[in-house]
1. Of all residues in segment 395-410, which are surrounded by 12 or more Cβ atoms within 10 Å (Cβ to Cβ) and either within 54 Å of the chain's Cα centre (by Cα) or under 23 Å from residue 356 (Cα atoms) (or both)?
2. Does residue 277 meet the test of being over 23 Å from residue 153 (Cα atoms), under 23 Å from the mean Cα position of the chain (by Cα) and assigned to a helix (DSSP H, G or I)?
3. Consider residue 340 carefully, then state whether it is modelled with pLDDT of 95 or more and touching a strand residue (DSSP E or B) at 6+ places or on another chain (Cβ under 7 Å).
4. Residues of segment 245-281 being over 26 Å from residue 211 (Cβ atoms) and surrounded by 18 or more Cβ atoms within 10 Å (Cβ to Cβ), which ones?
5. Checking the conditions here, which among 358, 338, 310 is closer than 26 Å to residue 389 by Cβ, assigned by TED's automatic domain parsing to the domain that holds residue 400 and touching a helix residue (DSSP H, G or I) at 6+ places or on another chain (Cβ under 7 Å)?
6. I'm trying to understand the selection: among the residues of segment 285-307, which are within 22 Å of the chain's Cα centre (by Cα) and more than 21 Å from residue 259 (Cα to Cα)?
7. Which one of 292, 262, 311 is under 30 Å from residue 176 (Cα atoms) and at pLDDT 90 or above?
8. If you scan segment 187-206, which residues turn out to be within 14 Å of residue 250 (Cα to Cα) and touching a helix residue (DSSP H, G or I) at 6+ places or on another chain (Cβ under 7 Å)?
């Protein structure tokens with residue numbers, strides 16, 4: 001097996017020398033064609049044991065131009081040989097040969113280099129290549145990702161990030177290098193998603209961000225220390241600004257001067273839903289509530305066709321209006337708009353609406369002041385029906401609100417009875433509900 005690895009490396013070194021015919025020249029070309037045919041016949045019968053010997057002869061005699069399948073089949077045979085090997089040293093040699101095969105294929109067939117490099121990385125991951133040398137594994141994955149870029153497999157990008165995190169936790173990679181690794185990966189992920197919103201890449205994006213958070217490297221001190229010099233050196237670089245805003249925002253480093261400077265600079269250069277949202281977070285953290293609400297409204301308007309993002313922002317706006325500004329009518333309108341944009345948010349929006357109604361100050365007589373609790377319970381029922389995971393909270397709140405239903409005698413005094421339809425007006429809101437009283 002060492003001979004095979006050496007042979008493949010030799011093929012890489014002398015690839016440009018294969019200027020002769022497709023199958024070589026002289027006796028070598030005869031041997032090449034013969035062994036290509038032999039191993040293919042065995043492989044068609046799934047006879048791996050008999051296929052591997054003529055394949056070795058083919059890879060020794062044939063120039064890379066003879067057949068791309070020679071490399072594809074070779075990887076299949078190497079994976080089979082790995083399962084047959086009992087000795088750890090032998091398995092390591094086979095994996096080295098497998099990895100080298102991908103390199104030769106990528107160099108000989110550049111149009112298929114992306115596929116070859118992704119498959120190489122996946123085999124490295126699955127077979128734990130260089131598991132006893134994690135720094136070598138990381139370096140090789142980095143070479144692959146740097147070469148393939150946004151065409152990298154989601155699995156490869158996620159594992160590359162995990163490899164860096166593992167090195168960092170073991171003191172083999174410094175904080176700046178890990179942050180640079182994340183920045184590179186995030187750029188490739190964003191470029192890939194801009195081209196195609198693939199579900200696997202979306203999942204990998206979340207996984208990569210989680211790995212960064214779990215590593216502990218993304219502390220405010222680390223982030224500010226790392227990015228302040230970069231920002232000062234080039235304050236108009238959009239890529240750096242985006243990275244600063246995203247990482248500091250996700251890490252809740254909202255009170256840093258760097259975050260404020262980067263957000264305002266980025267929003268001024270290229271206003272978007274994201275930059276407006278980051279400004280909202282910034283103003284909110286500083287209790288600049290009017291500015292916060294205005295920029296969140298701006299973020300919603302900039303979402304365009306991204307209805308799910310707009311819905312999330314609407315729900316957040318409703319919560320903000322309610323909790324920070326006690327603007328009950330505006331809060332209710334924002335929550336209802338969130339439902340219209342994304343019905344999947346209905347459960348938590350109804351829960352918010354019920355809480356808004358229960359908290360809103362209502363004027364009028366004793367019945368009119370208590371009628372709001374009918375509406376609040378209605379919304380809690382809707383929340384439970386829309387999202388079973390909210391049932392416990394909705395039931396508990398409903399129980400609390402029912403205690404404030406008007407007494408039957410009081411309702412009678414105002415000429416209303418259980419089961420009657422009743423329209424409630426309160427704090428700029430209006431809903432129709434059903435009369436329920438305490439006996």
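The values are calculated or read from the model by the stated rules, or taken from the named source; none is laboratory data. What you see is a predicted model; the values in this text were computed from it and never measured. Counting neighbours? That spans all protein chains shown, and the Cβs are built from the backbone with ideal geometry, glycine included.
1. Initial filter on segment 395-410 (surrounded by 12 or more Cβ atoms within 10 Å (Cβ to Cβ)): 395, 397-398, 400-402, 404-408, 410.
Those that are surrounded by 12 or more Cβ atoms within 10 Å (Cβ to Cβ) and either within 54 Å of the chain's Cα centre (by Cα) or under 23 Å from residue 356 (Cα atoms) (or both): 395, 397, 398, 400, 401, 402, 404, 405, 406, 407.
2. On the way: over 23 Å from residue 153 (Cα atoms): yes; under 23 Å from the mean Cα position of the chain (by Cα): yes; assigned to a helix (DSSP H, G or I): yes.
The answer is yes for residue 277.
3. Values: modelled with pLDDT of 95 or more: yes; touching a strand residue (DSSP E or B) at 6+ places or on another chain (Cβ under 7 Å): no.
In short, no.
4. Matches in segment 245-281: 265, 267, 276, 279, 280.
5. Details: 338 fails: assigned by TED's automatic domain parsing to the domain that holds residue 400; 310 fails: assigned by TED's automatic domain parsing to the domain that holds residue 400.
On inspection, the qualifying residue turns out to be 358.
6. Quick first cut of segment 285-307, residues within 22 Å of the chain's Cα centre (by Cα) only: 299-300, 302-307.
Listed by number, the residues that qualify are 300, 302, 303, 304, 305, 306, 307.
7. On the way: 292 fails: under 30 Å from residue 176 (Cα atoms); 311 fails: under 30 Å from residue 176 (Cα atoms).
Step by step, each of 292, 262, 311 is checked, and only 262 is under 30 Å from residue 176 (Cα atoms) and at pLDDT 90 or above.
8. Keep residues of segment 187-206 that are within 14 Å of residue 250 (Cα to Cα), which gives 205-206.
Matches in segment 187-206: 205 only.
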